Structure formats: structure tokens, C-alpha cells
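Asks: Got a structure for you, questions after.
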Amino acid sequence: MGKNRNYREAGDSVILYPENYINDIEGEKLEDMCDIFLARGFKKIIIDFSETDLINSIGVSIMIGIIEKIKDKKGLILFSGLKKVNHDIFSIVGLTKHIPVFSTEKEALDVVSCEDRLPM
Amino acid sequence: MRDKLLFNICPEGEFFGRNREIDYIFRRATESHKSPNIFLTGRKWMGKTEVLRRVHRKLFWDQAHVVPVYYQFRRYGSVESFSEDYLKEVLKQYFAYKKREPRILKSEVSIDKLERLLIDSDSFELAEFISRHREAKKSGDKTAVLRNAISAPDLITLRSGIPIYLILDDLDLAPYINLFNEGPGIMKEFMEALNSGSFSFLAASSTKKVLEGGVSNGSIEAITLEGLDEELAVSMMMELCRQYNIEFDSEILTLAAFKLEGNPNYIKNLIWAAHRADKELVILKDFVDLYANELVDGNIGFAFRSSIHLKGLSDLRLLSACANAGKAVSEEDLAEKFRISPEEFRKTIDELGTAGLLEASLGSIKWVGDNVVKDYIFYIYETRVKGRSAEEVKTCFIRDGLKEGFNFKGAKIRGRFKEEAAELVKKFNGQSMLKVLFRNQAFSARFKNGPPKSVEKKIDEDLILPQIIGCFDTLRWEANETGAPILIAHGFQNSRYDSGNEVVWIIGVKEATAPFNLGDIENFVRRSIILKENFRATRIVRWVISKEGFTAEAQKRAEGEGIFSTDNVQFRIISDSIDDKAKSERLKSADKIVPVKEFEVVLPSATKAELVGARAVEEIGTEMGFDEDSIGQIKAALVEACINAFEHSKMKSTKVFLRFVASGDRLTIHVQNGGADFDKSAQSESIAETTSGLPHKRGWGLELMKGLMDEVRFEKLRGGTKIVMVKFLIKKGEGRDGQE
């Protein structure tokens, strides 16, 4: 997870900040974090990728698993701060059809505060 | 555990680099229609038996389309003993497979006991073959005994509807089975039975000679098992060294892999020898000592002693003469020189042919053994014929080995560049190419040391390449010549196939680490004058290619003599554009040439090693002028390719080899592992969506590479696969496919 901060709680939402390279190890750390926050009752999770330069296919697999888990718990997941290449990667995989993507963490937070604006 | 009950194979940790062949044969064997017969050939100890047994094992456990039957030929006392053994194995293995009981397969049962077993299991249709065998044997009808046995696979297939897949090992021993004493061999009849059968077979042999005389009815596919390529052989040695706690230096292992010609059995024996003797493989002498000992007293020497049957000193002299001749020798000359009767001579040649050492064809004999056997023949010749002591010959091996190893670096690269040059020339087919790519002096003046300068106009002229119809080396004419190897490329120009348009290119190829110098040019000029005599009526073009370029004097002399000259950079541009018509069109003017730059990175198997490659490509891409987004895409695709290469290497200590070729309009990335195939099928099989609508979790690597790069292709290599990815450089004002 990110060097200075791993996560930030904002009301009933939590923002996670993954490392600059999401591979199997980093992906699993992210998954563990999500599990913890889901167990604590957080239903709105924003993953901010602004510090992430690369996500490999194993990282992508883990991300899909995370999304499944959150959706199973009727939670909400949003992405923000995606670099162009990571947006391309999620787009190739087809994740951008399922997950709302925002330019910044703030935009994502604004939207979760009025949840009904979100495409579900 | 279940595998132990089938035919013996080597432990998984010691098995390297044949998965591609095994998977391919397995796929062909299990195709729904009758698959083509396969003939697997390769030098002795190259691992053919291992491949066959692993194919058998896979067929036994992993499919239900065919019944695998493995049979290894040996020497038999009579045709009856072969027939009984063969019939017993066919019936026993068929029965074992049907019952899925591998214990039966390995059990040593007599034919009577097998008959009882079949009857007790109500397999009367199989037991019937044994009863017919007994009757034919009792009446002394050898032909009937043989026919009953060799027709069994076909009849069983027809009756059961489930085809047998016959795996025949050491087929080269089959011609030694005679129907009567000194009578005709069974080969013709046996092969007819195979070819007319309703089943398919896989046969392995050290020599292609068994293919002569109608072995195939046309539907045979030949696969040659070569030595492991250098990277794979070195990976194998490293892995074994680690397993046996042997200290090593990778340079020495590279040398050893080269000397042992990538032969997996030699490699294993050498490492075992190091383990037994508690030796390291750190310095050159470690290897040379072990090699000499292995040949003289070790397992390699033992294997040679037990498989090369020499009846006397005349056989040895004959073998030594062929091994050292360096070319085919006339049968007549040999028979006369060694005073051997024609019958004896034929017998000896046949025996040595079966041992995979000599090949007789059209009245001449050629040495076809490898260099390790050659060294062994040298050893026994020197000790038995010349009377030198074993220690003296061993010392000689060590001395020569040290000298050879010392010059190894140069030796290692010899041949590769020459092969590349020959391949390139064979692609000449009337293309138009800039003349400057064949004139090193002009090329250097224009492109070296800074941006292109404006020089003489005629370098922008085109050279129309001939249509080359064949390319070969000059060893036949220049056996004792020194200097750069020369290739002869024969062809026609102007698309006219008459004498006036016939052309011969005499091509000198220097691949040493020093540039082509004046001495080299003079040597080339002298030799080309002699070689020209072979093509008197033909137009001659002389071309020298030097990997390390040319000295100024050499450039000047080549220009003065009208000799084309090309260095590595020019060579790559020619090579690149000859494969790519579009690029060739774009290079209409010398101004468009941007010399190719190549970078190589070797990644060890370590956590996040792929990021080292990503970092390298970021530097290269930035230097080339790719924008940030494109660099991100290239990095991500490269990371995927590296992960795939490591994942599918199936070797703990493998390395991944990256080559980046930066040319004017594109970056080409080659990613190669030292092991098994990249698994394309696994990559693409799970791309559908899940029931929840989300994409499937696994198998996105290849899709990502394809999505992020402009071209992705797989190239099959010996013992592995290479991924080649291309990203085109889009400059300002240009668009992909002509789009803005």
C-alpha cells in the first residue's frame, strides 16, 4: 500500500491508496484491506490509483475478486486517479463498464455523498 | 506414484526442454481422425526415448481416444523371439490400458501366463492371437509367426473401434531381425503392416536410413530432435548444479553447454560426475578435467563403449578416418585403404550407421556423429592404434580443451551471423534497396557522428536485388582456407531467367569481435578471384558483411575494388526492410534511414524482475520519442510478457531474455524464456464474463499485450517460445493507419 498512507476514512466511505505497482502481493494486501473495511461495515470503497503506475494481469484478477466481494455485500466501489495506461488496462478487461471511474478522489467522494447519482 | 508403474522416465527436476515436442505429438495422436505417422529422429542420447515414454505416459493417463502401446526394439536371437515379445507387449499394454491397470503393463509375464490372464478376464479376442502364435510356432512357420504379431495392432483396432497408437523406440534395430539365418530382414514386411494399418504410429530412430525403401506411404511427418539451445542448456546446467550443490560460473556452464552441443544426457552426466567427484564448475579447468575424465572413465565413455561395437582395429581406423575427414569419403577409397572385403565393409558401415556415427549414401560415407563421440573415437584410436597411454591422451584433451575454451567467446558466435546472412540473402527477390546500405564508407560518412550529412547524391540511388535461388558455403572449395567464411548466393536479375541475367554474389561474413581490416579485404579479394573460376560465364557481385564494421583503410579499399560493404547496423536495416514491404517503400530516400539500435537485458527469476525490463524499456522508449502514454502501454505489455515467460518456463532458476530493437518507426521487443511454451490457450480460454456480469478473473495477460501493443506474435523456438511485440512510433502529424 502507499508509502505515507494506506487509507483514509471519510464518513461512511473509505479511500484506499494502493502502491505504485499492483502485482499479486500488492493486490492481496489491497484485498485484505477491503475485507477489513467490509467487516467493519463500510459499504462505500474508493480506490485511488493516483500513486499507481502499473497494474499487472494478476493484480487485475485480484481487483475483479475485490469487486465481486464488494458487490456481494451490496457495497459500492469507485475508482479514481487512474493513469491512462491503467485506464486502458481496465478498459481492455471490461471493468470500466462496471465501475464508475473519476479523475480525482474528491470527485468520487462528492458522488458517493449523493449516492443516487451513481450508475449502479 | 502412478507414473512409476509405467515405463521409466527421468525425474521431473532433471527433465528439460522437450515439452513442445511432447505436447505436439500428444495433440496429433489424439486428433479425432487418423493422425499422420510421426518419425522422430535425432542423434543418439538426444533424449528420444524420454520423449517417447513421456508421450506414452500422457496418452495412458490423459486421454481416451487411442490406446498407447510403447515398444522398444533390441537385438533378438530369432524372428520368433521378436514376434513373441512384440505380440506380448501389444496385447499386455492394450489390456493394461483398457483396465487402466499400469501394474499389468510393467509386469514380466510369460506369454502363457498372459493368455490365462486374458481368458480369465473374458478377453478372448486378445487371447486368440496367442493361440495362433503357438500354432504357427509349433508348425515351424516363421512367416506366420511374424505376420500374426505384426498384424495384431491393426486387427485389434478394427475389432475394437478404438485405435492403437503404436510408439516404436529404436526402430533402427528392426532391420537386424532376419526371417531366416542370413535371410531377408523383416523391415519391409513390418513397415507394410504399419502403413496399411488403420492406426497411427510414432517411431524413433538415430538414423534416417530406416526411412529408405518405402517405410512411409506418404503420410509421415518427420521431427528432428536437436540439442537444447544455448540458453536452455545453460538453464538446465544451472538447475542441476543447484540441485547437487555444485558451485558454478555461468560463463563456464555456457562453454560446457556449447561443447556438449546441448545434449541433455551429456549435460546430466557431466553434472553427476561433478557431484560424485565433489568438483566445482567455476573455472575452465574444472570443466575440461571433468570432460576428459567422463570420456575416458565416466558414464559418457561407458555409454559409448557399450553402444559402439567395433570388431577390430580396422573398424576403428575406418571410423577415425571418417570422423577426421571433414567431408564425405568415397566408399571405394575407404575399402581399398583399409583392405576390407566388400561384404565385411558393408556390414561394418551398417553397424556404425545404426550407432548413429556414419551415413552411407550414393557411394560415399559421411561422419554424422557429434563432437563428443568424435573425441571418444580420438581417445580409443590414440590408445589402441597409436599405443599412447590413457593419461597421455587425457592430457592432450585437457590441453586442447583449455585452448578451445580460451577462444570460446569467438567460437561461440561463429556461425550465427553467417547463418543470419545466408537467411537474409535467400530473401532477395528483386526488391529495391538503397545503395547506401551496401556501401559502408558512404553510410558512415552520412550517418555516423551526428545527424545525417548531405554527401554525394548517388547514395540515394536504388540497388535492385537479384532473385536468389540458393545460398551455400565454400567449404568444399576452401577446406584449408583461413579468414572470414564465404557464402555463394546464386540467382537471376531483372526477372529474366537466361544466362545473361545469371548472377553470383560472393559474400564474405566476418563475425569476430574486431572490425574488417585491410588484411581481411585482401584475403577476400584473393579468395574471390579463385572462387570466380567456378562461375566463369556469370556476373559476379562481391559483398562483405562485418558485424563490427570496417576500418577506414578497409572501407576505402572495398570502395576502390567495387566491393559492397555492410556493417551490423546496415545489415539490420536491410533485414528489417526486406521483411516489410511498407517499410521498404518508406525508405525511398537515405534521409529516412535511422540506424537500428539493439539492447539486451537478461532477467533473473526474482521478485519484481519484470520491473527491471519495464525500466529499461522506459529509457529506450523515451529516447526514441514515444509519448508518456505509449511508454506506459509498452511497459505494461512488457511486464505481462515477462510474467508469462517466467510462469511458463517450468524451471525454478530460469532467466528471461529481452531484446529491444529500436528502429526509425518502431520498437520491437523480443521476450524469450529458456523453457517450455508460453501458454496461449490458457491465456485466452477464460475471457468470457462470469454470471455476475463481471469479467473472469484469470487469463488476461495475452489480451492485455494485444490491446496495448500494435503487434503481438509468438515464434516457436527449439525448447520454448518467443513473444515478439511491436509498437509503432507515431510522430506528430502522423496517425495510425493513415488516420490523424
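The values are calculated or read from the model by the stated rules, or taken from the named source; none is laboratory data. For clarity, every value in this text was computed on a predicted model and none was experimentally measured. For neighbour counting, all protein chains shown are included, and Cβ atoms are generated from backbone atoms with ideal geometry for every residue, glycine included.
Asks: Somewhere in region B:86-106, is a residue in a helix (DSSP H, G or I), touching a Gly at 6+ places or on another chain (Cβ under 9 Å) and buried (at least 22 other Cβ atoms within 10 Å of the Cβ)?
Replies: Step one: filter region B:86-106 for residues in a helix (DSSP H, G or I), giving B:86-99, B:102-106.
Add one more test, that the residue is touching a Gly at 6+ places or on another chain (Cβ under 9 Å), and what stays is none.
Checked against the condition, which is being in a helix (DSSP H, G or I), touching a Gly at 6+ places or on another chain (Cβ under 9 Å) and buried (at least 22 other Cβ atoms within 10 Å of the Cβ), region B:86-106 yields no hits at all.
Asks: Going through region B:530-562 one residue at a time, which ones are among the aliphatic types (A, V, I, L, M) and either crowded, with 22+ Cβ neighbours inside 10 Å or not assigned by TED's automatic domain parsing to the domain that holds B:C471 (or both)?
Replies: Result: B:V544, B:I545, B:A554, B:A558.
Asks: I need the full set of residues from region A:68-114 which are assigned to a strand (DSSP E or B) and either β-branched (V, I, T) or free of Cβ contacts under 8 Å to residues at least 12 places away in the same chain (or both), in order please.
Replies: Selection gives A:I77, A:V101.
Asks: Here's another thing I want to ask about it. Search region B:228-250 for residues that are of a type in the set (D, E) and pair each with any residue that is part of a helix (DSSP H, G or I) when their beta-carbon atoms are under 7 Å apart and the residues are at least 6 apart or on different chains.
Replies: As it stands, the answer is B:E230/B:T254; B:E230/B:A257; B:E230/B:F258, since those pairs meet every condition given.
Asks: Is it fair to say B:L729 is surrounded by fewer than 22 Cβ atoms within 10 Å (Cβ to Cβ), at pLDDT 60 or above and more than 14 Å from every other protein chain (Cβ to nearest Cβ)?
Replies: Answer is yes for this residue.
Asks: Hey, can you tell me all the residues within region B:611-623 that are in contact with a Leu (Cβ under 7 Å, 6 or more places away or on another chain) and either within 10 Å of chain A (Cβ to nearest Cβ) or surrounded by 22 or more Cβ atoms within 10 Å (Cβ to Cβ) (or both)?
Replies: Selection gives B:G613, B:A614, B:V617, B:G621.
Asks: Anything in region A:68-80 that is more than 14 Å from chain B (Cβ to nearest Cβ) and either of a type in the set (G, A, S) or surrounded by fewer than 19 Cβ atoms within 10 Å (Cβ to Cβ) (or both)? List them, or say none.
Replies: Hit for region A:68-80 is A:S80, nothing else.
Asks: So, one more: Give me the pairs, please: first residue somewhere in region B:67-94 and in the same structural domain as B:D122 (by TED's automatic domain parsing), second residue anywhere and assigned to a loop (DSSP other than H, G, I, E, B) and of a type in the set (D, E), beta-carbon distance under 9 Å, and either six or more positions apart or on two chains.
Replies: Note: pairs meeting the criteria are B:Q72/B:D170; B:F73/B:D170; B:R74/B:D170.
Asks: In the set B:Y70, B:Y86, B:Y94, which member is touching a His at 6+ places or on another chain (Cβ under 6 Å) and aromatic (F, W, Y)? Can you show your working first?
Replies: On the way: B:Y86 fails: touching a His at 6+ places or on another chain (Cβ under 6 Å); B:Y94 fails: touching a His at 6+ places or on another chain (Cβ under 6 Å).
Answer to the check: B:Y70.
Asks: Residue check: is B:I22 in contact with a Lys or Arg (Cβ under 9 Å, 6 or more places away or on another chain) and without any contact (Cβ under 8 Å) to a residue 40 or more places away in the chain?
Replies: Yes, satisfied.
Asks: OK, next. Quick one: would you say A:F42 is over 23 Å from B:E618 (Cα atoms) and outside any helix (DSSP H, G or I)? Spell out how you get there, then give the answer.
Replies: Details: over 23 Å from B:E618 (Cα atoms): yes; outside any helix (DSSP H, G or I): yes.
So A:F42 fits the description; yes.
Asks: Please work out which residue is modelled with the highest pLDDT, limiting yourself to region B:54-106 and to residues that are out of contact with any Leu (no Cβ under 9 Å at 6 or more places or on another chain) and small (G, A, S).
Replies: B:S81
Asks: Do we have B:V215 as of a type outside the set (K, R) and either at pLDDT below 80 or closer than 28 Å to B:N8 by Cβ (or both) here?
Replies: Taking the combined requirement at face value, the residue satisfies it.
Asks: Which ones in region A:1-28 are surrounded by 17 or more Cβ atoms within 10 Å (Cβ to Cβ) and assigned to a helix (DSSP H, G or I)?
Replies: Across region A:1-28, the qualifying residues are A:E26, A:G27.
Asks: Then there's this: When only residues in region B:250-308 that are farther than 25 Å from B:G353 by Cα and β-branched (V, I, T) count, which is nearest to the chain's Cα centre (by Cα)?
Replies: Filtering region B:250-308 for residues that are farther than 25 Å from B:G353 by Cα and β-branched (V, I, T), the one nearest to the chain's Cα centre (by Cα) comes out as B:T254.
Asks: Can you tell me which residues in region B:231-248 are at pLDDT 80 or above, outside any strand (DSSP E or B) and crowded, with 16+ Cβ neighbours inside 10 Å? Please lay out each step first, then the result.
Replies: Step one: of region B:231-248, the residues at pLDDT 80 or above are B:232-248.
Still in the list and also outside any strand (DSSP E or B): B:232-247.
Those that are at pLDDT 80 or above, outside any strand (DSSP E or B) and crowded, with 16+ Cβ neighbours inside 10 Å: B:L232, B:A233, B:V234, B:S235, B:M236, B:M237, B:M238, B:E239, B:L240, B:C241, B:I246.
Asks: Return the only residue of B:E703, B:E685 being assigned by TED's automatic domain parsing to the domain that holds B:E647, within 22 Å of A:N23 (Cα to Cα) and modelled with pLDDT of 80 or more.
Replies: The match here is B:E703.
Asks: Find the residue count for region A:92-105, including only residues that are under 18 Å from A:D53 (Cα atoms) and more than 14 Å from every other protein chain (Cβ to nearest Cβ).
Replies: Of the residues in region A:92-105, 5 are under 18 Å from A:D53 (Cα atoms) and more than 14 Å from every other protein chain (Cβ to nearest Cβ).
Asks: Something else about it: May I ask you to verify whether A:M33 is within 13 Å of the chain's Cα centre (by Cα), more than 8 Å from chain B (Cβ to nearest Cβ) and under 19 Å from B:E703 (Cβ atoms)? Lay out the reasoning, then the answer.
Replies: Numbers: within 13 Å of the chain's Cα centre (by Cα): yes; more than 8 Å from chain B (Cβ to nearest Cβ): yes; under 19 Å from B:E703 (Cβ atoms): no.
So A:M33 does not fit the description; no.
Asks: Among the listed residues A:G41, A:G65, which satisfies the condition of being of a type in the set (G, A, S) and either within 14 Å of chain B (Cβ to nearest Cβ) or within 14 Å of the chain's Cα centre (by Cα) (or both)?
Replies: A:G65
Asks: A:I89 - would you say it is crowded, with 22+ Cβ neighbours inside 10 Å, within 14 Å of chain B (Cβ to nearest Cβ) and closer than 22 Å to B:G699 by Cα?
Replies: So A:I89 fits the description; yes.
Asks: When you go through B:E610, B:E619, B:E623 one by one, which is the residue that is closer than 15 Å to B:V671 by Cβ, out of contact with any Lys or Arg (no Cβ under 7 Å at 6 or more places or on another chain) and part of a helix (DSSP H, G or I)?
Replies: Checking each option against the conditions leaves just B:E610.
Asks: Find the residue count for region B:290-312, including only residues that are at pLDDT 90 or above, of a type outside the set (A, V, I, L, M, F, W, C) and assigned to a helix (DSSP H, G or I).
Replies: Total meeting the criteria: 5.
Asks: Confirm whether A:D12 is more than 30 Å from B:A641 (Cα to Cα) and in contact (Cβ under 8 Å) with a residue 12 or more places away in the chain.
Replies: Criteria met by A:D12.
Asks: Looking at B:F82, B:F60, which is the one that is under 21 Å from B:S307 (Cβ atoms), buried (at least 22 other Cβ atoms within 10 Å of the Cβ) and hydrophobic (A, V, I, L, M, F, W, C)?
Replies: Among B:F82, B:F60, only B:F82 is under 21 Å from B:S307 (Cβ atoms), buried (at least 22 other Cβ atoms within 10 Å of the Cβ) and hydrophobic (A, V, I, L, M, F, W, C).
Asks: Mind checking which residues of region B:325-347 are free of Cβ contacts under 8 Å to residues at least 24 places away in the same chain and part of a helix (DSSP H, G or I)?
Replies: Residues satisfying the conditions are B:D333, B:A335, B:E336, B:K337, B:P342, B:E343, B:E344, B:F345, B:R346, B:K347.
Results for (1) in contact with an Asp or Glu (Cβ under 7 Å, 6 or more places away or on another chain); (2) surrounded by 19 or more Cβ atoms within 10 Å (Cβ to Cβ); (3) hydroxyl-bearing (S, T, Y), shown as yes or no for each residue.
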position	(1), (2), (3)
B:G298	no, yes, no
B:S307	no, no, yes
B:C322	no, yes, no
B:S341	no, no, yes
B:L362	no, no, no
B:W367	no, yes, no
